[in-house]
Amino acid sequence: MGFLSGIASTAGAAISIATSASYDIDWKDSKVRDAVIVHWKVVKEKADAALPLAGLRLTKEQKAKLDELLKGKGVFPDVPTDVLLDGLPDAIPPASLNRIIGSVIDDCLKNHKHNEIPAIPSAPAFARYLASVPSLADAEPVWSGPQDTVCIHIQRKELVYLGIVSEEVPPIEILEFLDGVVQALSEYIGQLSELTIKENFVTVYQLLSEMVDSGSVVTTDTTVLRGLVPVPSLVNRVIENVSGIGLGSEKRPNVNTSATPWRRQGIRHTTNEFFVDIVERIDTIVDSSGSIISYDVSGDISCKSRLSGMPDLVMVLNRPDTMDDVAFHPCVRRRKWDEERTIGFVPPDGQFKLASFHAAMDTSPKVLPLHVRALSTRKDNVYTVEVILEPGQCNGRPIEKVSVKVPLPQQAYNIGVQCKTGTHAVSNARSPQVEWNLKTVKSADRGLRLVIQYLLRSASAGSAEKGSAVSSAEQGALAAFIDFEVAGFSASSIKVDALRLLRESYKLFKGVRYVTMAGSYQVRF
């Protein structure tokens, strides 16, 4: 696989731009001047140590460049150096060091050689492909790129994570790896966005270096990664050197080489607790008459462990036989599951995904927590779309974070929206789309309604010659896409019957939470 160099090079170019800032220090204030002198003397002493700790190996030329810039020579080409450094021989503004670090990182990346050269032209080609599709949901997860490469991607919220391969690899392996990358980055830097990834670029780069070695996936287990890349992120060390705030002691990575690499010895917690989240997703397609065309339930068992010592847990489920295509964390003893249908494991410390599964619903009733009726009518050139929501079978639980997205044809204009409950928005980023958001739908709510009216531009003369194209353009909106979340409800009725603790004598505090949400939930007109 050759996606490491492509991702790193793109991010490195971005960070040097994003860290530039303006010069703003009151040189006339003697207190400011003295404080800056002391601060940057400390920074100069620590800069050589901070950058290598961030995973960067500076050449002699780069080190000389950094030393020269730290002394204030040639930092601002538009301002004479003697003016900037009058009375401050060892000081430069913090914003400038940000820019210096960015440029040094960029230089290091340019010197970082990687065998997978095709990854570099494939990334911009894939970006052009994404721009050509009507929406990100329409993009193929596996796309043939230039120079005999294949681009495999996943989308999480507004971010797209791309893996580029140049050899024969099972696509599911790359998709699973990208999902592991998202989970690891979320644990290290929290909320993921374009800004946070740029701000924590050094951590992202080092995590990718540990996850992938010469194009082969090594690990995505955050428990193992925490022993290699300490938390909080290493880029914070550099930021602390720039700001002079909260500089803590450095710890060497603690690599676990025991028989349980996911859990180190000697873990101690003041309270011993274990929490389980069973999150299920409903993937369904419903036609205009309300009949279910397809229905599928899949889920994850996620855990948060704060247990001392080396505990051995046994989880007993009420309906294990309905689970198929089960994928377990390496800590699970597979033989115990095959023989007894119970999950025995020594848990990692912290958050981890214990298992993912598909629920066999062939003999079970197909449960829809939210019933949606969608109608589309046309009178002359005026199109009307009506979406009606009603709570379904969810044991009376409130349905939260409800979102209805209705993509409209590219030729739609004069779009009018009416709804008495919730909020709505009309976007035209790629093609017109109406989004209806409701904070909560309760069991007593009935007949929640969204009405959309719009006009449709007539097809061009060139398109009129192609009868099928005209027919497709004139049929209006095709489907509505639904999102929701129901806490305390399980669509598959899979629940935890018991959680037993072995090999330790302390009292275990445990909790289980069930959440059902929409996966690919589509209602056709």
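Give me the residue from region 200-211 that is open to solvent by 10 Å² or more (accessible area, probe 1.4 Å) and under 14 Å from LEU178 (Cβ atoms) and, out of that set, farthest from the chain's Cα centre (by Cα). Among those residues, the one meeting the criterion is LEU208.
Cβ contacts < 7 Å: first residue over 19 Å from ALA360 (Cβ atoms) and open to solvent by less than 90 Å² (accessible area, probe 1.4 Å), restricted to region 316-341; second residue assigned to a loop (DSSP other than H, G, I, E, B) and aliphatic (A, V, I, L, M), any location; separation 6+ or different chain. Result? Listed by first residue and then by second, the contacts come to CYS331/VAL346. Among the residues making up region 484-520, those that are open to solvent by 60 Å² or more (accessible area, probe 1.4 Å), within 25 Å of the chain's Cα centre (by Cα) and of a type outside the set (A, V, I, L, M) are ARG513, SER520.
Considering only residues of region 284-294 that are more than 16 Å from PHE489 (Cβ to Cβ) and open to solvent by less than 50 Å² (accessible area, probe 1.4 Å), which is farthest from the chain's Cα centre (by Cα)?
Just the residues of region 284-294 that are more than 16 Å from PHE489 (Cβ to Cβ), to begin with: 285-294.
Add one more test, that the residue is open to solvent by less than 50 Å² (accessible area, probe 1.4 Å), and what stays is 285-287, 290, 294.
Details: ILE285: 26, VAL286: 28, ASP287: 31, GLY290: 33, SER294: 27 Å.
Ranking the candidates gives GLY290 first.
Residues that are open to solvent by less than 80 Å² (accessible area, probe 1.4 Å), closer than 30 Å to CYS303 by Cα and modelled with pLDDT of 90 or more number at least 2 in the following strands (runs of 3 or more DSSP E) confined to region 354-469: 399-407, 433-441.
The values are calculated or read from the model by the stated rules, or taken from the named source; none is laboratory data. Quantities reported herein were computed from a predicted structural model and do not represent experimental measurements. Virtual Cβ from ideal backbone geometry, glycine too; neighbours counted across all protein chains shown. We work out accessible area using only protein heavy atoms, side chains counted, and drop any ligands, DNA or RNA first. Shrake-Rupley method; radii C 1.70, N 1.55, O 1.52, S 1.80 Å.
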